[in-house]
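Engineer: Would you mind keeping the following structure in view while I ask a few things?
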Amino acid sequence: MGTRSTIALEFADGSVGVVYCHWDGYLSNNGKILLNHYMDPFKVRELIDLGDISSLGSEIGVKHPFDAPGSFGTPEYQSYKEQYGNMCKFYMRDRNEEGCVAQYYKDFADYEQNHGYQEYEYILRTDGVWYVNQGEGYEPLLEAYIEELREQNDEEAEQELLAKFADLVKV
């Protein structure tokens, strides 16, 4: 079973584009990937343009086979993971599914009112900050993730994140 999420981008004109992501939507996976690899709104736009996602990777990547060949641990499987393991898997691009396009809303209020809700909802707003909604309203993703790391007593990961985003941290 997947931990579903949405990934959205608020464009300069105020409109919002959003895609669904099926796997690993929690803060320590998709949240972390978004913070570390998708701070550039143009890269997020490219992600949105490719439609719904099976799994988010650190790289958007290129069209590739959706499923790994062979069984886990085989040379074929290992080769696939080495070549494509960091790439996103898109339903349209990589599995040729239809109807998995991004949804668009006229503004943030329209998005909030009408989009499909998931367990984790991520949006990069025009202020350049990622926000997450875990069912109780939007909060800065960085702060939410640091709070989660503190609750898990993961001081090493917290310090790494604080060092990387020192100019953005308000917690």
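The values are calculated or read from the model by the stated rules, or taken from the named source; none is laboratory data. Bear in mind that the values here come from a model prediction, so they are computed numbers and not experimental data. FYI the Cβ positions are ideal-geometry reconstructions off the backbone, even for glycines, and counts take in every protein chain you see. Areas reflect the complete protein model, heavy atoms only, side chains present, ligands, DNA and RNA absent. Shrake-Rupley method; radii C 1.70, N 1.55, O 1.52, S 1.80 Å.
Listed here are the residues, each with its yes/no results for (1) in contact with a helix residue (DSSP H, G or I) (Cβ under 7 Å, 6 or more places away or on another chain); (2) crowded, with 18+ Cβ neighbours inside 10 Å; (3) touching a residue at least 12 places away in the same chain (Cβ under 8 Å).
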| site | (1), (2), (3) |
| --- | --- |
| Gly2 | no, no, yes |
| Ala8 | yes, yes, yes |
| Asp13 | no, no, no |
| Gly17 | yes, yes, yes |
| Tyr20 | no, yes, yes |
| Trp23 | no, no, yes |
| Asn30 | no, yes, yes |
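Engineer: For Leu124, are the conditions met, namely being of a type outside the set (Asp, Glu), under 17 Å from Thr6 (Cα atoms), in contact (Cβ under 8 Å) with a residue 60 or more places away in the chain and touching a helix residue (DSSP H, G or I) at 6+ places or on another chain (Cβ under 8 Å)? Before the answer, list the steps.
Structural biologist: Values: of a type outside the set (Asp, Glu): yes; under 17 Å from Thr6 (Cα atoms): yes; in contact (Cβ under 8 Å) with a residue 60 or more places away in the chain: yes; touching a helix residue (DSSP H, G or I) at 6+ places or on another chain (Cβ under 8 Å): yes.
It is true that Leu124 is of a type outside the set (Asp, Glu), under 17 Å from Thr6 (Cα atoms), in contact (Cβ under 8 Å) with a residue 60 or more places away in the chain and touching a helix residue (DSSP H, G or I) at 6+ places or on another chain (Cβ under 8 Å).
Engineer: Does segment 36-66 hold any residues that are open to solvent by 60 Å² or more (accessible area, probe 1.4 Å) and of a type in the set (Phe, Trp, Tyr), and which are they?
Structural biologist: Matches in segment 36-66: Phe42 only.
Engineer: Return the residues of segment 67-96 that are surrounded by fewer than 16 Cβ atoms within 10 Å (Cβ to Cβ) and touching a helix residue (DSSP H, G or I) at 6+ places or on another chain (Cβ under 6 Å); say none if nothing qualifies.
Structural biologist: Pro69, Gly70
Engineer: So the check is Cβ under 9 Å with 6+ separation or different chains; which pairs have a first residue in segment 38-51 that's in contact (Cβ under 8 Å) with a residue 60 or more places away in the chain and a second one that's part of a helix (DSSP H, G or I) and among the hydrophobic types (A, V, I, L, M, F, W, C)?
Structural biologist: Tyr38/Val44; Tyr38/Leu47; Val44/Leu34
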